[in-house]
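Have a look at the structure below, then the notes.
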Amino acid sequence: MELRDIEIFLTLAEELHFGRTATRLRLSPARVTQAIQKQERLIGAPLFERTNRLVRLTSIGRQLRDDLRPLHAGLRESVQRAQLTGRGITGTLRVGLLPANLHDLRPYWDAFHLRHPQWRLRIQRARFSDAFTVLRRGDIDVLICWLPVEEPDLTVGPVLFADPRVLAVAADHELARRTSLSLEMVADFQHPRPGTGPDYWFDAYVPRQSRRGRPIERGPVVHDTEEIITYTSLAETVTLFPAHMSRYWVRPDIVYLPVHDIGPLPYAPVWRSEAENELIRSLADVIRDLGSLPSGS
């Protein structure tokens, strides 16, 4: 099995969706299908069960995933360490980012590079649907996410920023003509919901009820921001976002409206307590020294 085919298999085993796998690996869906069919012919048994609505691992597929995952990760890390050592880099801090405001956070990354030129900082996008799983699995060292995070095995670092809230609606939605909103006004419209993750964490992002106790309706299950935006642009949902989304996801079919009766959403770095090291502590020190971004940055 070639290394690229192993990567395709492991990514599909995680995504359980051919289209998302192709997008993530920057391949065509046909290439993903060909790779999986090639592996199944090699092994002599199906690795995935496929229907029009569902993709899931077979028992053989689960076994292969569990066997290949640590081997693939170890090989990839060995090659990367050798490459970095050759360039004088002695360590890499992998940061998964849930917010979209990468450029706003540039001062923290620049300060880290300036203080620690011997270390590499690798920033990558994270998905809220499996963010804690990826962190606990060791695929990233630090997760930048919204608060609160009340997990006994995770440490929460200093707050990076706290964003006011906006509601994203389709440009032709009935709410789009307003200049600001309250939770009372949007409680009857469907909001997307994640399929996994701590309930309290998502309830901080989209409350279950308004200040007067009206339930806020939950709608379709989503896995990432792209899916949220798609549902919203089609007027199937409305979506509460941090305010920076109105600058980073500008689209002609989406309108962002201030929501005045919900507090700012804070974001901070989070890491596995048992995996805390000098690189993680150094990033936390940079954030403390520079302080939080001004509200609404």
Practice task
Subtract the Cα-Cα distance of SER180 and LEU234 from 0.36 nm times their separation in residues, and report this length gain in nm to one decimal.
Solution key: 17.4 nm
Fill in the blank from the handout: With SER246 itself left out, Lys, Arg at +1 and Asp, Glu at -1 over residues whose Cβ is under 12 Å from its Cβ give +2
Practice task
Compute the length gained on full extension between GLU77 and GLU150: take 0.36 nm times their separation in residues and subtract their Cα-Cα distance, giving the result in nm to one decimal.
Solution key: 23.3 nm
Completion exercise
Surrounding charge for ARG211, neighbours by C-beta under 9 angstrom, Lys/Arg +1, Asp/Glu -1, total 0
Problem - segment 26-77, relative contact order [Cα under 8 Å, separation at least 6], % - result: 20 percent
Completion exercise
In a Gaussian network model of the chain with springs linking alpha carbons closer than 10 Å, the residue among GLN209, GLN124, GLN39 that fluctuates most is GLN39
Handout entry: Whole-Å distance, taken between Cα centres, linking segment 137-205 and segment 212-291
Key = 5 Å
Problem - Most mobile listed residue (PHE202, PHE48, PHE189) in the chain, GNM with C-alpha springs under 10 Å - result: PHE48
Problem - Percentage relative contact order, the chain, counting C-alpha pairs under 8 Å, at least six apart - result: 22 percent
Fill in the blank from the handout: Whole-number value, in Å³ per residue, for the convex hull of the alpha carbons of segment 165-263 is 92 Å³
Exercise for the section: Could you please report the charge total around SER282, scoring K, R as +1 and D, E as -1 over all other residues with beta-carbon less than 15 angstrom from its beta-carbon? Expected result: 0
Exercise for the section: Extending each Cα 7 Å along its Cβ direction at TYR200 and GLU217, get the distance between those two points in nm, one decimal. Expected result: 3.0 nm
Completion exercise
What helix-only [θ] at 222 nm does the chain give? Using -39500 (n - 2.57) per DSSP H run of at least 4, over all residues, to the nearest 500, the answer is -12000 deg cm²/dmol
Handout entry: Segment ARG247-ARG62, extension gain: residue separation times 0.36 nm, minus the distance between their alpha carbons
Key = 62.5 nm
Practice task
Nearest 5 is fine: what % of DSSP beta bridges in the chain come out antiparallel, could you say?
Solution key: 60 percent
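Any read-out appearing in this document is the output of simple, stated calculations on the displayed coordinates, not a laboratory observation. Bear in mind that the values here come from a model prediction, so they are computed numbers and not experimental data. Using ideal geometry, Cβ is built from the backbone for each residue, glycine included, and neighbour counts are taken over all protein chains shown.
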